1. Within the bounds of the range 61-84, is there any residue that is at pLDDT 95 or above, open to solvent by 40 Å² or more (accessible area, probe 1.4 Å), within 16 Å of the ligand (Cβ to nearest atom) and under 18 Å from the mean Cα position of the chain (by Cα)?
2. Return yes when residue 139 is more than 14 Å from the ligand (Cβ to nearest atom), more than 11 Å from residue 62 (Cβ to Cβ) and either open to solvent by 20 Å² or more (accessible area, probe 1.4 Å) or of a type in the set (A, V, I, L, M) (or both) and no when it is not.
3. Taking the stated definitions as given, is residue 139 of a type in the set (Val, Ile, Thr), outside any loop (DSSP other than H, G, I, E, B) and free of Cβ contacts under 8 Å to residues at least 12 places away in the same chain?
4. Given the conditions (1) within 16 Å of the ligand (Cβ to nearest atom); (2) under 19 Å from residue 38 (Cβ atoms), and given that residue 155 satisfies all but one, which numbered condition is not satisfied?
5. Of all residues in the range 96-111, which are in contact with a helix residue (DSSP H, G or I) (Cβ under 6 Å, 6 or more places away or on another chain), closer than 15 Å to residue 86 by Cβ and not polar (S, T, N, Q)?
6. Is there a residue being open to solvent by less than 30 Å² (accessible area, probe 1.4 Å), more than 27 Å from residue 341 (Cβ to Cβ) and away from the ligand (no atom under 16 Å from the Cβ) anywhere in the range 103-116?
7. Residue pairs, Cβ under 8 Å, 6 or more apart or interchain, first in the range 229-257 and more than 22 Å from residue 295 (Cα to Cα), second at pLDDT 95 or above and among the charged types (D, E, K, R). List them.
Amino acid sequence: MTHPLLDNPKRIAKVDPANMAGLISRLGDQLSQSAAAVTEADWTHWSEREFKNIVLVGMGGSAIGGDLARAYLGDALRIPLSVIRNYRLPGYVSSDTLVFASSYSGNTEETLSAVEQARKRGSAVVAITSGGRLAEQATAHGWVTIGLPGGMPPRAALGRSFGALLNVLGRLRLVDGGVWDLQALSVFLNKADEQLNPDIPSEHNPAKKLALALHGMVPVVYGAAGVMAVVARRWKGQFCENAENLAFAGEVPEFNHNQIVGWGLPAGSKEHFVVVLLASADDHPRIAERFSITREVFSQKRVKVETVQATGDNKLQRIFSLIQLGDWASYYLAALNDVDPTAIAVLDYLKQKLAEKPYSG
Ligand code: PA5
């Protein structure tokens, strides 16, 4: 059946004046174009050295690419990679650490504070940014800068930031094998986009169907520990930022050991929530068993559940099939919520209030 808003391109474009739809559609292109920024960066002052660990400092849309890289690369990484979303660095960050400072705007204070600490400890720094103070610091201190094109909401630059990370890690030979194929991934995503974009009517569009199922509810998204839990986190972020819709994320099996018990009280609460299970062929076989029993438990508890299956011929395609679906679902949910998917007034307010109280940590 035709949906009066989601299937009316003019009405949907009206709630998206900055064209978030165009950015979501270009996820595949971003990934295939990401290598160029790494090749074009100025590596002349880079000195080869042995690293003991890798740290990515960043927040929100500029941090998630680090989580994805860590979880996707897994055993292929020669040394540990951690993602730090904080002002302060852990003690193990030293002159033996490769630090990625990832901030789309280049002005995020947590990231600037952490990278300044890294500088003082003598870490090697690679900045991933479109400008701001981070770009200035990078120039002043001779850090390698991977440039991101300007004018996007940071979360919409994920293809660029994730692709940049993989390419830098490959270039520095910190990854075994380097088997990813971002060109093939791009072709796969561009094809999949043909089924998800606003021109495809609701009855044939999985992202519109999902948004309609979630509308008016609080999604709680669960993925298997490892990379699918990162995808769940991305979905949570996109629902909150794009659709201004409260959402939560968790991981299996951990949630089977505590949170599943809490789906009951307070009385009346579960009517407001919908569970979304992200399933992939890469999940441990026991995760599939757990999803099946979890569905049974939720059916007894009368909790609404949606299960979404990753598609694609390899792990990277399956990861990004769900990233893409979640991005589009958050976009349609924004339309149903009548909010501009690009605007993030509350975040802007917070950043502006903090800027009024300068901090030099
Ligand atoms: O997507 C967003 O807009 C946010 O999550 C930002 O990424 C976050 O606030 C950090 O800003 P920046 O990416 O500019 O460092």
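1. Scanning the range 61-84 turns up no residue that is at pLDDT 95 or above, open to solvent by 40 Å² or more (accessible area, probe 1.4 Å), within 16 Å of the ligand (Cβ to nearest atom) and under 18 Å from the mean Cα position of the chain (by Cα).
2. So residue 139 passes the test.
3. The answer is yes for residue 139.
4. Unmet condition: (2).
5. Correct list: 99, 101.
6. Among the residues of the range 103-116, not one is open to solvent by less than 30 Å² (accessible area, probe 1.4 Å), more than 27 Å from residue 341 (Cβ to Cβ) and away from the ligand (no atom under 16 Å from the Cβ), which makes the answer no.
7. 237/155; 238/155; 238/327; 241/155; 242/155; 242/327
Every residue, every condition in (1) open to solvent by 50 Å² or more (accessible area, probe 1.4 Å); (2) in contact (Cβ under 8 Å) with a residue 60 or more places away in the chain; (3) of a type outside the set (Ser, Thr, Tyr), yes or no:
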| position | (1), (2), (3) |
| --- | --- |
| 285 | yes, no, yes |
| 295 | yes, no, yes |
| 300 | yes, no, yes |
| 307 | yes, no, no |
| 319 | no, yes, yes |
| 322 | no, yes, yes |
| 331 | no, yes, no |
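The values are calculated or read from the model by the stated rules, or taken from the named source; none is laboratory data. The shown structure was predicted, so the numbers you read here are calculated from the model rather than taken from an experiment. In this analysis, Cβ positions are derived from the backbone assuming ideal geometry, glycine residues included, and neighbour counts consider all displayed protein chains. Side chains included, ligands, DNA and RNA excluded: accessible areas come from the protein's heavy atoms. Shrake-Rupley method; radii C 1.70, N 1.55, O 1.52, S 1.80 Å.
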